[in-house]
Each structure stands twice: as C-alpha cells, then as structure tokens.
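For reference, the structure discussed in these notes is given below.
The values are calculated or read from the model by the stated rules, or taken from the named source; none is laboratory data. Please read these numbers as outputs of a predicted model, since none were measured by experiment. Reconstructed Cβ throughout: ideal geometry from the backbone, glycine too, with neighbour counts over all protein chains shown.
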Amino acid sequence: MGSRRWKHPALNEINLGDITDMGQGESRDDVTAAKVYLADAERGDANAQVYLAFMLADGTGVPKDPVAAYMWAELASYHGTPQIRDKALKLQAHLGGALGAGDIEAAKEAARRWHPKPN
C-alpha cells in the first residue's frame, strides 16, 4: 500500500507502506474495501481499524467523518503493533488540528465504550 494516494495531501505524509493492505490492492473498489475494513475493524482487527480511520479521514469509499476516524485511530492505537500505533497517533495528531476539544472527547469516549463484535 506504499503507493496509495489519499485525496488529502497531509495524509500522504503518513506512510502506511509497512502496514498490510489486507490484500485489497490498488485496483480495489474503495466502497467495497471500506465495507471489508469496517467488518474487520468491528471485530477488533487493529490493521483494519487504522485503514478505516484513514478512509474516514479522507472521505475515500465512505463519507468523510473525522470524529469517527479519530475513534478508529484511537482503537488501533490501543490494540495495534508499534507500527500501527505510530500511524494511528500521527493520524490523530493530524485530525486533532481540525477537531474541537468536544469532538475529540466524544471520539475518545466512543472508543472507551466500544466492544468488538463476535466473529
């Protein structure tokens, strides 16, 4: 996924190249990919959570939703590898510049209340 280009230029500065793209590749349909990532993210897959967060932050395959993106990045930072945590924290720092304190707290509270769906 190192060649993936996001619509928002600042997101391209956060290289996701060392995080697996879950086999979707560049030819994937972004809407379908978002559905796959959401299903896996809801089951607790930190890799899917960080990809979904980027898609929500960028509005790629889903409506742009920076609060939901922050929440999924928060979850990925809890459960992910050091590489995933790093990318999630960088995305949160990027999003934090545009979100108000109330939105950030709402995203963090949603992450605290979140529970994975059973397989």
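Structure values in brief
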read-out	value
Residue within the stretch 18-39 that is touching a Leu at 6+ places or on another chain (Cβ under 7 Å), under 14 Å from ALA107 (Cβ atoms), among the hydrophobic types (A, V, I, L, M, F, W, C) and modelled with pLDDT under 95 present	no
Those residues of the stretch 31-56 which are among the acidic types (Asp, Glu), out of contact with any helix residue (DSSP H, G or I) (no Cβ under 7 Å at 6 or more places or on another chain) and part of a helix (DSSP H, G or I), in sequence order	GLU42
Tally of residues being surrounded by fewer than 16 Cβ atoms within 10 Å (Cβ to Cβ) and in a helix (DSSP H, G or I) across the stretch 107-119	4
Options GLY96, GLY44, GLY59, GLY80: the member that is closer than 21 Å to ASP30 by Cβ and surrounded by 14 or more Cβ atoms within 10 Å (Cβ to Cβ)	GLY59
Pick from the stretch 32-73, criterion β-branched (Val, Ile, Thr) and over 13 Å from LYS87 (Cα atoms), ranking: farthest from the chain's Cα centre (by Cα)	THR32
